[in-house]
Structure formats: C-alpha cells, structure tokens
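The numbers here are math on the coordinates, done by the rules we state, and not lab data. Predicted model, so just to flag it, every value in this text is computed and none were measured. For neighbour counting, all protein chains shown are included, and Cβ atoms are generated from backbone atoms with ideal geometry for every residue, glycine included.
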Amino acid sequence: MPKVLVVDDDPSLLKALRIGLTARGDEVLTAHSGVDAVNQVALAGPDLVILDLGLPDLDGLEVCRRIREFSGVPIVVLSAYGDERRKVEALDSGADDFVTKPFGMAELEARLRVALRHAAARQGDGPEHTTDIDVGDLHVDLVHHMATLSGAQLQLTAKEFELLAYLARHAGKVCTHHMILKDVWGPGYGAESNYVRVYTHRLRKKMGDEEGRVLKTVPGIGYQLVPGDHPPAPNE
Amino acid sequence: MTDVTPGKLVTRGTYQHNLVGIAVTLAGLVALVALMLPFRSHLSIAIPALVLVVPALVGAVISGFPAGAVGTVAGFLAYDWFFLPPYNTLTVRSPQNWIALAVYAVVVLIVAQLVSKLRGAREEALRRTEESERLFELSKALIGDLTLSQLLTHIVGTVQSVFMPRWTALVLPDANPEASGSGEALQVAASAGQAMNDDDLASVTSGGGQARSLGLVDDRAPRRVSVALVVSLRPVGILVLQDVQLAERERSLLGTFANQAALAVDRAQLRDQALRARLLEEVDRWRRALMGAASHDLRTPLASIKTAVSSLRQDHTRLGSEDRAELLELIELQSDRLARLLTNLLDMTRIESGALELRPTAVAFDELVAEAMASLGGIVAPGRIMVDEPQGLPLLLLDHVLMSQVLANVLENAERLSPDDSVIRVAARTAPGSAATRVEISVTDDGPGIARQDRERVFDMFSQNGGGGRAGLGLAIAKAFVEAHGGLIWIDPDVERGARVVFTVPCDTLVTAPA
C-alpha cells in the first residue's frame, strides 16, 4: 500500500484527492504548506509526493529543491495550464512528472503508477552504480554500451547510446531538453533542443517506435521513456 | 492669461486722438490769451510770443505734429490779432513786429516737429514692448503644462484679444475622420470672439482648404486672414481671423505668433498621444491582472470538481457510500464557489465600466449577515459563525446586494485561512470617532493571520506572491465595493491570533434596529 503525500493549499482539492486515492488503495497524507510538506517527507517517508506549485508559504520549486536535498522520493507536480516555464523549472528542480489542473483521476493515477514503478526499479543500488537497466522490453547494458529491444540488438552510435542510457536511467521521469543537453552533450550545452530532437528521432526509428509510444515527447518540455505496454494517458 | 487692453496695437482712432490734442491746444490758447489780454498794453511784444508757444507744444506732445501745426497757426493768428498793434486787426505795422511774428512761427513749427518725432519714437518703443509682451505671453503657454484643449483655447484667446477680429478659429485636421463620420478632414478645435455661424464653420472646414489657407489672405473671403501653423514643413493646423485688417507690422507679429503656436500645438499633441498610450497600457495591465486573477480563482474550484467527479465515475465500486456523499457535497460546494466567483467578476466589470449604481436601503446588521451566509451557500457552515451585535446598533444604510457580497467575500476568505470547525466571529459596533455616522464590521478568524507586509497587498488585485498562494479576487472586490460606499477596509494589526478584517459602512443616524 503506497504512502502518498498530497500537498496543496486548497482544502477541497486535498479532500477530493484523499478520498479518490484512498479508494484506490493508497495511504494518503496531506500537507497545506511547503514547510509542512518538507517536514512530512522527512518524518513520514512517503513513497510519492503530489505537489502543487502554488503554495502560500514556500514556492513549489523551492519545496522540490528542499526535498531533493535529502530524498529521492518521486514528485509529481500539479501546475496551472499555460505555466510551461514553471513546469520546466520544476522538472529541472527534481520533479519527476507533472499534471495540469484540472485533471481527471485516471490521468493522475497513470502518472503516479509510472513514477512509482520506476522509483521502485531505481531503488536498491543507486542509479550511478547500476550496470543494467530494464525498461519494459528494453535492456540497456551500461558496461558494454549495448542495448537490446525484445532481445534484438540495437545498432546505435555512441551519442545515441548515451541518450538512450540517460533516458533509461531516468525512466518514468520527464527529462527536460535542458537536462538532457547538459548531461548527455555536456555542461556547455543547454539551449540546442534541436540536437535532442534529431537524436530522439533516430532512436525511435531504430527502436521501431515512430509513434513515440516508448520514447514519449512531452510537448514544449522534453522527453520521457516509458514502457510501451502501459503508456500514460495523453497529456493536455 | 494677462490682462489685455482693448485696442489695436497700432494706435487705432488716431483721428480721435488728434482731435483731443487740437482741443487741448486751442483751449490752452484761449485761456492764455484771456489771461494776458487785460495787460497787453503793458507787455513787451516778446512775452505773448513766448507764452503762446506753450499750447502748441502741449498739443504736439499730446497728439503729434498735426495738433502742433494747428496750435502754431492759431497762435500765430491770436498773436497777431490780440497782441501786435494795431490791436484787433491782422495788420502788422512795425517791421520789428513782422520779425517777432516770423520768429514765433518758425520756432513753434520746428519745436512742434521735433516734439512729435520724439513722440513717434516713444510710441514705436511702446509698441515693440507690447509686441514682445504678447509673444512672451504666448510663449508662456508653450512652457506651461497645458493640455491640448487648454492650449488651443489659450491661443485663440490671445489672438482674439490682440487683433480683435470678429472671431478667431483654430482649425485642426480631424484626429479620426472615420469615427466622426463627417468625412471632413478639418474641424474647428477652438474659437474665440463672437460665435461662429454655420456658414463660417462650413467655409473654414470645407475641403480643398489646405492650399488656399496656406496663403496669408484668403481670396474668397477678403476680410478673413488665415495663417497656416507649420512645424518642419508639416501643417499642424490653420489659424483663421474673421473681419480684420492687418497692417504689415501686425501681419509679421501674427506670423511669429503662428510659428510659436504651431510648435506648442505639435508638442501638446505628441504629449496627448503619449498620455493616451499610457492610459491604454494601464487599462490593459488591469485587464490582464483581472484575467489572470479570474482564471486562477475559477480554476481552483474547477480542479477539485473535476477530481471529485472523475473519482466518482472511475471508482464507484470501491468508494464507500460515505465517500460518495462527501465527494458529492464537495462538488456542490465548489459549484457554489464558482457561481459566486462569476457574480463577483460580473460586479467587478460593472464597477469598472461605471455601470454600477448604489441603491442604499436601511438594513439591520443581522439581515446583512443572513444574506451573506445565503450567498455563500454551504461554503461556510452556519455553525462556525458567531455573530456579536451590540444593543442599539443603528440600521445600516447601504446597497445590501453589494455589501452582502463584501461580507461573504470576507467570510469566505476567513474560512479559507482558518482550520476546519474553528469559530469565525462577526461583530459590529458604531465606528469610534465617526459621530455615529458609520458602523464598523469586523470578521475575525482563528487562522495563522496575515503577515505584516501582506496586509495592504491582500486587497490588491495585482498581488501575487511567488506564483501562487494568492488571496484571490474576493478581497479586492470587497475593497472596491466598500470604497464605493465611501468606507474603508483594512486588516486590524492589533489582534493576538488569527486575522481580523475590518470595514466601515454608512448607517442611519436616526433609527436604531429594534432590540
């Protein structure tokens, strides 16, 4: 029974989420403020945090950063429509995914499932020490720089492999263009999102994923590697 | 505008002026002759000659050479007739007397000539001073911070008072000819003097006026003078003077006037445009803030409604009947909230467009509270409200529809900021120091209170801290409505815990509510 911490300053949304998530079988904790949220993450150790970006005391981005200082708990951010910049900032600050208000429970649950599953996969040995990563039918061998899809080897260039490995390491998390460029291309990059676009296109072709069901595009934000069998409900 | 003496720059009524001079001269002459006549036989013939120089010179000083000349001739005749023997004839017997007479005439004529020239120079100097004063007066308007319409009025007023035409009009290109619908490119922006009749208006603004009006004198209306106001070869407008005849000097003065006026008008027009642009920007900023605030406030209840509804649809098998009831209640409450927000927004736009009209009636305080609670639907549970109404509180005199919205907004805010099931206190008392013309209503909650630096901002629609956690439109609207009633709204700084919002409302000074 996963323990979910819901952080929002609107009591009625908290109430609706508490009832909805409890019915799903989660244990639900709630927090009205940013400080309360950080404290509860530290004390109660939730398996997942649903965080509204607009809080009365602390900015949601700041809450993200503070939680990330001591915890890798997956964070799904609730944001207002049209607030693309803050979404990207939240993802850069350590959030795993986002849901735009107003949202249906089905969409939220799909996001929570992905975030929880990959957090579980990442646990145990930390992502830095993993030698093999499995995302659905995709297997990435970090030691031998090899990737197979349903057992068939993918012919990848060095950069393509690096990109795939990066996305696989952060499977389930929405990776912004900025994050990908900085980590795969190097610290000198950050604005050249067309590079990422070209390489994801090639990767999709080699993986037979032209529709982007596994390597998903998050419009205006970045990319997300999800197992092909259970794609989250389309966003927006 | 400085006082302008009537009369044209160049001495109008010179004729009249000369008559005065001549009259003074002749009167003086008669008086002096009368004075000297009894003693004429005892006087040397030189004395009357010297004395009679005086009136001629006085005349020349007063009105120039003509009076001097008249004085000379009259003096000559008087001298000859009364003082040169044989008396009472024009006959001059002695050659000595002929010399006296001739010297008198020559001296007086020369002196009168000199005096009148001096006088002309003085007049010229005066005229120049006056001209520069007029120009200075006009240039003051350039420096001064007049609005465009004030400036135009000033220009035509000055021209009218200086040149005294029948009327003066300033014709400007129509700022937006499409909007006026007249299709005419010119319109009279300001006029002075006698009222212009329709023919005047038509002839001044009629088409094809540009080229014709650039000339100084209008051929089609001979007694009309038009001067183009031009700034760097671009026509700004036309100054039209009706029924006036200008000397060369006055024309050049008018030309200088026109140049300065053109610069001033151009500058004022540019400033007007800048002001209008800034105003539009301000309105635009306000609209955007309203849109932003409204969309945030509308989205919040919508988010929980959608979450609750989707839960009900999806998990109906797993939800207990209690959960279902709770979700349904939540949906109902949030729908009420949405409806209230829309009412608020509508009122806000009515305030903004000036369509809001206060309809004050006498209302008892508890009626106002009841109305506010009704408009809140179930957002605030009635059990949480504690009303404190003192004995003998006067009836409130206000627009109860608007003021119940104010109270509802403040209550809703208190509900949002305070823990569930805590008590919200609503109190009223006669406002201290108001001579019992106002009642102070306060709403106190048990929440975390409002930080000192936010106490002003919560009433500001533009307030926004860090992208979220805003007070919402409610208090901004409350403030607008309270101020429309001439009242004040503030956060009481002297509460130990929670927040207290206080506002004043007008009350009936004569009638108190029944106990």
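Tabulated values for the structure
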| read-out | value |
| --- | --- |
| Share of alpha-carbon pairs per 5 Å distance bin for region B:358-512, given as whole % | 2, 10, 20, 23, 21, 15, 7, 2, 0, 0 |
| Normalised convex hull volume, region A:127-225, alpha-carbon set, Å³ per residue | 92 |
| Cross-link partners of B:Lys479 among lysines (Cα-Cα below 25 Å; sequence separation of 8 or more within a chain) | none |
| Rounded to 5, percent antiparallel among DSSP beta bridges of chain A | 50 |
| Size of electric dipole in chain B: Cβ of Lys, Arg +1 and of Asp, Glu -1, about Cα centre, debye, nearest 20 | 3100 |
| Exceeding the 24 Å Cα-Cα cut-off - candidates A:Lys173/A:Lys205; A:Lys3/A:Lys182; A:Lys182/A:Lys216; A:Lys101/A:Lys182 | A:Lys3/A:Lys182; A:Lys101/A:Lys182 |
| Crossing angle, helix B:65-78 versus chain B [Cα axis fit, 0-90 degrees, rounded to tens] | 30 |
| Calculated from backbone phi, Karplus (6.51, -1.76, 1.60) coupling profile of region B:109-122 in Hz, x at Gly/Pro | 4, 4, 5, 4, 4, 4, 4, 5, 5, 4, 5, x, 4, 5 |
| Helix A:11-24 axis, angle to chain A major axis (alpha carbon atoms, nearest 10°) | 60 |
| DSSP bridge pairs, the protein assembly as shown: antiparallel proportion in percent, nearest 5 | 75 |
| Averaged over A:16-27, number of beta-carbon atoms from partner chains that fall within 10 Å | 6 |
| GluC sites (Glu not before Pro) within region B:272-368: DSSP coil, no more than 14 neighbouring Cβ in 10 Å | B:Glu357 |
| Amide H partners (placed H, <5 Å) of A:Lys173, local residues excluded | A:Leu225 |
| Rounded tilt (10° steps) of B:148-163 against the dominant C-alpha axis of chain B | 10 |
| Taking B:Glu483, A:Glu210 and counting other C-beta atoms within 10 Å, the order from fewest to most | A:Glu210, B:Glu483 |
| Reciprocal mean inverse distance between Cα atoms of chain B - Kirkwood radius, Å | 31.9 |
| Dipole of the protein assembly as shown, positive end: most advanced residue of B:Phe65, B:Pro390, B:Ala274 [Cβ charges, Cα centre] | B:Phe65 |
| Positive-pole candidate from A:Val35, A:Pro56, A:Gly45, dipole of region A:3-122, charges at beta carbon | A:Gly45 |
| Amide H contacts under 5 Å for A:Val28, placed H, 5+ residues apart | A:Val4 |
| Mean Cβ neighbour count within 10 Å, used as a protection proxy, ranking A:147-157, A:102-112 highest first | A:102-112, A:147-157 |
| Residue mean of other protein chain beta carbons inside 10 Å, B:101-111 | 0 |
| Long-range tail of P(r) for region A:1-87 (Cα pairs > 17 Å, %) | 42 |
| Unit charges at the beta carbon, dipole of the protein assembly as shown: most positive-side option, A:His177, A:Phe98, B:Leu253 | B:Leu253 |
| Fewest-first sequence of B:Thr158, B:Thr343, B:Thr25, B:Thr205 by Cβ atoms within 10 Å of each Cβ | B:Thr343, B:Thr205, B:Thr158, B:Thr25 |
| Per-residue Cβ neighbour rank within 10 angstrom, fewest leading, B:Leu290, B:Leu328 | B:Leu328, B:Leu290 |
| Region B:295-342: radius of gyration over Cα atoms, expressed as a fraction of 2.2 N^0.38 Å | 1.20 |
| Amide proton proximity set for B:Val439, modelled H, under 5 Å, gap of 5+ | B:Ala431, B:Val505, B:Cys507 |
| Two-decimal log10 I(q)/I(0) for chain A, as the Debye equation yields it once each C-alpha is a single scatterer, q = 0.08 Å⁻¹ | -0.29 |
| Rg/Rg_globular for the protein assembly as shown, with Rg_globular taken as 2.2 N^0.38 Å and Rg from C-alpha atoms | 1.73 |
| Residue-wise HN-Hα coupling along region A:132-141, computed from phi with Karplus coefficients 6.51, -1.76, 1.60 (Hz; x: Gly, Pro) | 10, 10, 10, 10, x, 8, 8, 10, 10, 9 |
| Mean Cβ neighbour count within 10 Å, used as a protection proxy, ranking B:116-123, A:169-176 highest first | A:169-176, B:116-123 |
